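What follows is a structure written as C-alpha cells; I'll ask about it next.
The values are calculated or read from the model by the stated rules, or taken from the named source; none is laboratory data. These numbers were taken from a predicted model, which means no experiment stands behind them. Every residue, glycine as well, gets a Cβ built from its backbone with ideal geometry; the counts of neighbours run over all protein chains shown. Side chains included, ligands, DNA and RNA excluded: accessible areas come from the protein's heavy atoms. Shrake-Rupley method; radii C 1.70, N 1.55, O 1.52, S 1.80 Å.
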Amino acid sequence: MEEKFNRLIFIPIAAVLFLMIGYQYVCPADSNTCYFRSDNKGLFQRYSSGFELLYTEPEADEDLPSKITSKFNFTERDLDRHVDFNIRGDDVMVFLHIQKTGGTTFGRHLVKNIQLEQPCDCMPGQRKCTCHRPGRAESWLFSRFSTGWSCGLHADWTELTSCVPVVMNKRDKKSAPKNKRNFYYITMLRDPVSRYLSEWKHVQRGATWKTALHMCDGRPPTQDELPACYSGEDWTGVSLADFMNCPSNLANNRQVRMLADLSLVGCYNMSSMSELERGQVLLASAKANLRNMAFYGLTEFQRKTQYMFERTFGLRFIRAFTQINSTRAASVGISEKVRWRIEGLNALDVELYEYAKELFLRRYQYNRQKQHQEERLRRRQERQRLHRTYLAELWRLGGGGGGEEEEEEEEELKVLEEVATTEDYSSQVVRW
C-alpha cells in the first residue's frame with residue numbers, strides 16, 4: 001500500500017518537473033526569444049534578412065552604428081572565418097604591416113600578448129622575439145618583431161607572397177613540401193585620411209622608408225618608374241601641401257597598392273595601361289586579397305579586432321586591446337577643402353576602406369550571433385545531461401521511464417548541431 005502511495009506522489013511531481021525542464025528548453029533564463037520558429041533558414045539568412053544587421057552588444061570604447069548600411073553583397077562564405085591553425089605543424093602566420101595603421105601595436109600583441117604553450121621569447125633591449133613552435137626550433141610567425149624585415153622593409157602583398165615561402169624554408173633549414181605548408185596572411189587597415197595625415201607627420205619627423213625594396217616580378221622599380229619626392233637625405237619638415245603635391249608619393253592609396261597584386265598592372269610601370277584602368281585593376285585585386293585573407297583588423301575597432309582574431313585562430317590574448325583615439329593624426333586640424341584633396345588623392349583607399357569596414361562589421365556580427373547559438377547549444381546539452389540523470393533517478397525509484405523524451409531531445413540537438421555547423425575557412429587556404 002505504501003509503495004502504491006509513493007508512486008502516486010511521484011507521478012505529479014515528475015510531471016511538474018518535466019514541464020519546468022521543457023520550459024527551459026523553449027525559453028532559457030538568459031534569453032528573450034521565447035517563441036518557436038517554423039522556417040528552415042540557415043544561420044546567415046536567419047539573422048541578416050534585408051542585409052541589415054542590428055548590433056546587440058556595442059562596446060563602450062568604440063563608436064558603433066546602430067545598424068550597418070548595406071552596399072556590398074557578401075556571402076556566408078565571406079563572413080565565416082575560422083582557421084585550424086596548427087602551431088605544432090608547418091603553418092605560418094604572416095603579418096603584412098602597412099605603415100601607420102597601428103601595425104606596430106598589433107605586432108607587439110602577436111609576440112607578447114598571446115596565450116601560448118610556448119610563449120615568444122622577448123629579451124629586454126632586443127627588437128625581435130623568438131617565436132618557436134612547441135618543442136621545435138622553428139618559427140610559426142613571420143613579422144617585424146619575430147623574423148624582422150626578411151622580405152624588405154614594409155613588404156607588400158606582391159613581395160611577401162613570393163618571398164615568404166623561400167625565407168621560411170631557408171630559416172627552418174628544410175624543404176617543406178609546398179602542399180603541406182599553409183601561410184595565413186593577416187593585416188591591419190585604417191581610415192585613409194587619418195592614415196595619410198599620420199604618415200605625413202611621420203615623414204615630417206624624418207622617416208623615409210627608403211630602404212624598402214618594392215620588388216615586383218623579380219626586380220625593384222627604376223628611378224624613372226618611381227622618382228623620389230625629395231633630393232636630400234630625408235623630407236624633414238615637409239609641409240602638408242608639398243607632401244600632397246608629389247605625384248609619386250607612395251603615401252597615396254598606400255593600402256590598395258600594398259594589398260594588390262602589382263604584377264597585374266605591370267608593377268611600377270605607369271605606361272602599361274591608363275590610370276583609370278590601373279586603378280580599377282588594383283582596387284579589385286586589393287579587395288579580393290583582403291577578403292580571402294585569414295584575418296584583418298581595423299585600427300578604429302581595437303576590441304572587435306581582438307575578438308575577431310581570437311575567433312578566427314582559436315587563440316586568446318592575455319590583456320585586452322586598448323582603443324586610443326588621441327593620435328598625432330587626430331591632433332591635426334585641416335579644412336574641409338584639404339580633407340577633400342586628401343580623399344581625392346586616396347580615392348582607391350577610401351573605397352577599399354568602405355568595403356573593408358562593412359565586411360569587418362558584418363563578420364563581427366555574424367560571429368557574435370554564431371557564438372550565442374553555440375552557447376545556447378551547450379546549455380541545452382547540459383540541461384539534457386541533467387534531465388537524463390533525473391529520469392534515471394526516477395526510474396530507479398519506480399517513477400517510470402523516459403525513452404520517448406530522450407529520443408525527442410536527441411533529435412532536437414541533432415538539428416541544432418546541423419544549423420551551428422558551417423564551412424571551415426581552412427578549406428580555402430592557399431597551400432604552398
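I'm told K210 meets every condition in (1) open to solvent by 50 Å² or more (accessible area, probe 1.4 Å); (2) modelled with pLDDT of 95 or more; (3) under 29 Å from L298 (Cα atoms); (4) of a type outside the set (A, V, I, L, M) except one. Can you identify the failing condition by its number?
Among (1) open to solvent by 50 Å² or more (accessible area, probe 1.4 Å); (2) modelled with pLDDT of 95 or more; (3) under 29 Å from L298 (Cα atoms); (4) of a type outside the set (A, V, I, L, M), the lone unmet condition for K210 is (2).
Looking only at the stretch 94-140, which residues are under 29 Å from Q204 (Cβ atoms), basic (K, R) and at pLDDT below 95?
Across the stretch 94-140, the qualifying residue is only R127.
Further, regarding this structure: Can you pull out the residues in the stretch 229-243 that are in contact (Cβ under 8 Å) with a residue 40 or more places away in the chain and surrounded by 18 or more Cβ atoms within 10 Å (Cβ to Cβ)?
Residues of the stretch 229-243 in contact (Cβ under 8 Å) with a residue 40 or more places away in the chain: 240, 243.
Residue satisfying the conditions is F243 alone.
For residues that are part of a strand (DSSP E or B) and either of a type in the set (K, R) or farther than 22 Å from G103 by Cβ (or both), scanning just the stretch 114-134, find the one that is most open to solvent (accessible area, probe 1.4 Å).
Within the stretch 114-134, the match that is most open to solvent (accessible area, probe 1.4 Å) is H132.
Against the condition open to solvent by 40 Å² or more (accessible area, probe 1.4 Å) and modelled with pLDDT of 80 or more, how does Q365 come out, does it pass?
Details: open to solvent by 40 Å² or more (accessible area, probe 1.4 Å): no; modelled with pLDDT of 80 or more: yes.
In short, no.
Could you check the stretch 257-292 and list, in sequence order, the residues that are open to solvent by 50 Å² or more (accessible area, probe 1.4 Å), touching a residue at least 40 places away in the same chain (Cβ under 8 Å) and either outside any helix (DSSP H, G or I) or more than 29 Å from R77 (Cβ to Cβ) (or both)?
Residues satisfying the conditions are N269, M270.
Conditions tested, residue by residue: (1) assigned to a loop (DSSP other than H, G, I, E, B); (2) in contact with a strand residue (DSSP E or B) (Cβ under 7 Å, 6 or more places away or on another chain); (3) farther than 29 Å from A251 by Cβ.
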site: K71; (1), (2), (3): yes, no, no
site: F74; (1), (2), (3): yes, no, yes
site: D78; (1), (2), (3): no, no, yes
site: H82; (1), (2), (3): yes, no, yes
site: V94; (1), (2), (3): no, yes, no
site: Q99; (1), (2), (3): yes, no, no
site: G107; (1), (2), (3): no, yes, no
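Separate question: What pairs can you find where one residue is in the stretch 95-107 and closer than 15 Å to Y196 by Cβ, the other is at pLDDT below 95 and crowded, with 23+ Cβ neighbours inside 10 Å, and their Cβ atoms are less than 7 Å apart, with a gap of 6+ or different chains?
Hits for this filter: zero, empty list.
Evaluate the stretch 135-151: report whether one residue or more is without any contact (Cβ under 8 Å) to a residue 12 or more places away in the chain, more than 30 Å from L197 (Cα to Cα) and in a strand (DSSP E or B). Break it down into steps so the answer makes sense when it comes.
First, the residues of the stretch 135-151 that are without any contact (Cβ under 8 Å) to a residue 12 or more places away in the chain: 137, 149.
Next cut, more than 30 Å from L197 (Cα to Cα) only: 137.
Still in the running and in a strand (DSSP E or B): 137.
Yes: the stretch 135-151 contains one or more residues that are without any contact (Cβ under 8 Å) to a residue 12 or more places away in the chain, more than 30 Å from L197 (Cα to Cα) and in a strand (DSSP E or B).
Further, regarding this structure: Does R376 fit the bill of being within 20 Å of the chain's Cα centre (by Cα) and modelled with pLDDT of 55 or more?
No.
Could you check the stretch 293-338 and list, in sequence order, the residues that are among the small types (G, A, S) and surrounded by 15 or more Cβ atoms within 10 Å (Cβ to Cβ)?
Restricting attention to the stretch 293-338, the residues satisfying the condition of being among the small types (G, A, S) are 294, 297, 314, 320, 326, 329-331, 333, 335.
Result: A294, G297, A329.
So that you can scan it fast, the table gives a plain yes or no per residue for (1) part of a loop (DSSP other than H, G, I, E, B); (2) in contact (Cβ under 8 Å) with a residue 60 or more places away in the chain:
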position	(1), (2)
K180	yes, yes
Y184	no, yes
M188	no, yes
S194	no, yes
E199	no, yes
V203	no, no
G206	yes, no
W209	yes, yes
L213	yes, yes
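Would you be able to say whether some residue in the stretch 339-360 is farther than 21 Å from G279 by Cα, of a type in the set (D, E), open to solvent by 60 Å² or more (accessible area, probe 1.4 Å) and modelled with pLDDT of 95 or more?
Among the residues of the stretch 339-360, not one is farther than 21 Å from G279 by Cα, of a type in the set (D, E), open to solvent by 60 Å² or more (accessible area, probe 1.4 Å) and modelled with pLDDT of 95 or more, which makes the answer no.
C246 is checked against (1) open to solvent by less than 30 Å² (accessible area, probe 1.4 Å); (2) touching a residue at least 24 places away in the same chain (Cβ under 8 Å) and fails just one. What number does that condition carry?
It fails just one condition, (2).
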